[in-house]
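See below for the structure under consideration.
The values are calculated or read from the model by the stated rules, or taken from the named source; none is laboratory data. The structure displayed is predicted, hence computed values, not measured ones. Here the Cβ positions follow ideal geometry from the backbone for every residue, glycine too, while neighbour counts run over all protein chains shown. The area values use the complete protein model at the heavy-atom level, side chains included, leaving out ligands, DNA and RNA. Shrake-Rupley method; radii C 1.70, N 1.55, O 1.52, S 1.80 Å.
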Amino acid sequence: TPVQIKEFGAINKIDFSPVSPYNYAVTASSRIHIYGRYSQEPVKTFSRFKDAAYCATYRDDGNLLVAGSEEGSIRLFDISGKAPLRQFDGHSKAVHVVGFLSDKYRIFSGGDDYSSSLWDIPSATEIVSYDEHTDYVRCGCASKVNADVFITGSYDHTVKLFDARTKSSVMTVEHGQPVESVLLFPSGGLLVSAGGRYVKVWDVLKGGQLLVSLKNHHKTVTCLYLNSSGQRLLSGSLDRHVKIYSTTSYRVVHSFNYATSILSLALSPEDETIVVGMTNGVLNIKHRKPEERNEDPQKKRRPAYRTHVKGRSYMPKQEDFCVSKPVKRVLRKYDKLLKSFQSSKALDAVLEPPIRLHTPEVTVAVMQELHRRGTLRSALAGRDEKQINLLLTFVARRVIEPRFTPVLVTVADMITDIYQPVVGQSAIVDRQFLRLQEAIGKEIDYQEELLEVLGMMDTLFATFTKKRDTCLDEDKSNGLTDTIDTNKNN
C-alpha cells in the first residue's frame, strides 16, 4: 500500500542518497526535506531560501547537497549541518537545474537567463559560462564516465552537450518540443530526452543520431529515471501515469496510475522504493513487496534406531522370495524448473559450472527443449553483463562441435538478435561477440578446406573405378572368345 505525504507546494525534484541508508531529498516550495527511507518522516530540513528552491541533488559520496533557487543563487549544503557551505551567484534569473560533475569538485547549473555555467566548489567561483540556449534551461545531467562532460535541455527544443575543456557546446540535438528532462546511460553512449509527449533516445557516439522515439503518453512528459541495472527506463507525465520501458526493446512493460499530474520521480539505488512527486504537493511512496520465502516445514519425528536395524540380520532361506524396494527417481534441478515452466531459471541451472563444463550435452539439450517449446528467446532475454558473458563463452567454445552445432547456431542467432541494440556498452560482451565471430570464421575455413579435400578424393576414387571396370570387361571378353573357339573345334 502506498504511503502519501503532503508537502507545502508542487514537488519539483526527488533525489535518493547514493549511500546507505538511502534517504531521499524532496524539493518543494522554499524547503528541502530529507526523509528516512522507511520512517517516512523528515530527518532534516533546509529552509534558508527566500523564495522557491529547485533541484536539490546529492553528491556521489552522499555528504553534500546542492540546490538552485528562484532568486538566481546556488547553495551548497553539508548533510550534517544547516547553514550553506557555499553560495554561488552569477545567474540573473531562477536556477532550475544544478548537479555535480563526476570529479565531485565542480558544479554545473542552468537557469532562466538562458545560460549554463560551471562552478568550482573550493573557491566558489565561476569557471566558464555558456550562452548558447535561446530559452529557459530547465534540465540537465552529468556524465559518470567523463568528469568534464555535462548535458543541458532547454525550452528552445534543443539538448546540448558541453565539455568543460572547450568554450562552446560539443553536440546539439533537436528534440522538437520544449525539453523537460534528460539523462545519460551509465556507459555514456546513449542520451534520453523528454519533452512534449515524446521520449527520444539518441546515440551520442554517432554524433546524436536518433535511435528511438517513444510516444506512449498523451500529455507532457516531465521526468525520466533509470534503474540501477540500466534495464528499465521510467517516465512520468502530466497524464498521471508512470511508464516503465525495457531498454532492450523500448516497449512498455509496466505502468503506474496516480491521482494527479506527476512532476518528479525517483527510484532507490536497490530498486525497492519508487517515490513520485505531484503537482498538488503530495508525495507518493511505494515499496516493493518482499519475496516470500518458503519456510521449511516442521521436522517430522524420525523413527527410532531399532526400526532402522530391524531385520538387517535376517538371512533369507532358500524358499524365500525377495522383493526389492523401488528406487524413487529424484528429478534434477533443471528438470523441476522445466516441469514448472520456469524457462529462464532452467537455463541458469544448466549454465552452472559443474554441468556447463563436465556435461555440456545437458546444457545443449535444455536449450533444444526450450527452443522446441518456443520459450528460448524469452529465457535468453533480460540478462545482465555477467550472464551474457557466460552464455557467449559457452556458445563460442562449443558451437564448433558437430553434435552441438545445429542447436548452438540457433542460440547464437537469437543472442545476437536480442542484444544487438546494446553492443558497444560493455567491453566484456563485445570481446565475447568477437570471439564467437572468430570461432565461426575458423570453422567456415576448415569446412572449405575439407570440401576441397573431398573433391580431390572423389576425383581419385572416380579414376580408380573406371580403370578397374575396363580390366574386368577385357577379361570377360577374352573368356567368352575362348569358350566359343572351343565349341567350334568340337
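Could you pull out every one of the helices (runs of 4 or more DSSP H) wholly within region 371-448 that has 3 or more residues that are free of Cβ contacts under 8 Å to residues at least 12 places away in the same chain? Reasoning before the result, please.
Details: elements: 376-380, 385-398, 405-419.
Helices (runs of 4 or more DSSP H) meeting the threshold: 405-419.
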task: Kindly list, by first and then second residue, each pair from a residue in region 14-38 that is over 13 Å from Arg48 (Cα atoms) and open to solvent by 40 Å² or more (accessible area, probe 1.4 Å) to a residue that is in a loop (DSSP other than H, G, I, E, B) and β-branched (Val, Ile, Thr), limited to pairs with Cβ atoms under 8 Å and residues at least 6 apart or on different chains.
output: none
field: Checklist (1) crowded, with 21+ Cβ neighbours inside 10 Å; (2) in contact (Cβ under 8 Å) with a residue 60 or more places away in the chain applied to Ile5, failing item
entry: (1)
- request: Output the residue which, of all residues in region 226-258 that are of a type in the set (A, V, I, L, M) and in contact (Cβ under 8 Å) with a residue 24 or more places away in the chain, is nearest to Gly188 (Cα to Cα).
  value: Leu226
task: Within region 308-360, track down each residue that is at pLDDT below 80, open to solvent by 80 Å² or more (accessible area, probe 1.4 Å) and not in a loop (DSSP other than H, G, I, E, B).
output: His308
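On the given criteria, is Leu118 touching a residue at least 24 places away in the same chain (Cβ under 8 Å) and either buried (at least 22 other Cβ atoms within 10 Å of the Cβ) or assigned to a strand (DSSP E or B) (or both)? Before you say what the answer is, go through the steps one by one.
Values: touching a residue at least 24 places away in the same chain (Cβ under 8 Å): yes; either buried (at least 22 other Cβ atoms within 10 Å of the Cβ) or assigned to a strand (DSSP E or B) (or both): yes.
Answer is yes for this residue.
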query: Of the residues in region 175-213, how many are buried (at least 18 other Cβ atoms within 10 Å of the Cβ) and more than 18 Å from His157 (Cα to Cα)?
result: 2
message: Quick check on region 234-241. Is at least one of its residues among the charged types (D, E, K, R) and either out of contact with any strand residue (DSSP E or B) (no Cβ under 6 Å at 6 or more places or on another chain) or crowded, with 16+ Cβ neighbours inside 10 Å (or both)?
response: yes
query: Taking interchain pairs and intrachain pairs at least six residues apart, which have beta carbon atoms under 6 angstrom, with the first residue in region 272-284 and without any contact (Cβ under 8 Å) to a residue 60 or more places away in the chain and the second of a type in the set (Lys, Arg)?
result: Glu272/Arg288; Ile274/Lys286
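Do we find a residue being among the basic types (Lys, Arg), free of Cβ contacts under 8 Å to residues at least 40 places away in the same chain and not in a loop (DSSP other than H, G, I, E, B) anywhere in region 39-49? Break it down stepwise before answering.
Let us first name the residues in region 39-49 that are among the basic types (Lys, Arg), namely 44, 48.
Cutting the leftovers down to free of Cβ contacts under 8 Å to residues at least 40 places away in the same chain gives us 44, 48.
Now restrict to residues that are not in a loop (DSSP other than H, G, I, E, B): 44.
Checked against the condition, which is being among the basic types (Lys, Arg), free of Cβ contacts under 8 Å to residues at least 40 places away in the same chain and not in a loop (DSSP other than H, G, I, E, B), region 39-49 yields at least one hit.
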- prompt: Among the residues of region 39-65, how many are touching a strand residue (DSSP E or B) at 6+ places or on another chain (Cβ under 6 Å), open to solvent by less than 20 Å² (accessible area, probe 1.4 Å) and on the phi > 0 side of the Ramachandran plot?
  reply: 1
- request: Sort out which residues of region 257-271 are more than 16 Å from Leu226 (Cβ to Cβ) and open to solvent by less than 50 Å² (accessible area, probe 1.4 Å), and write them in order of number.
  value: Tyr258, Thr260, Ser261, Ile262
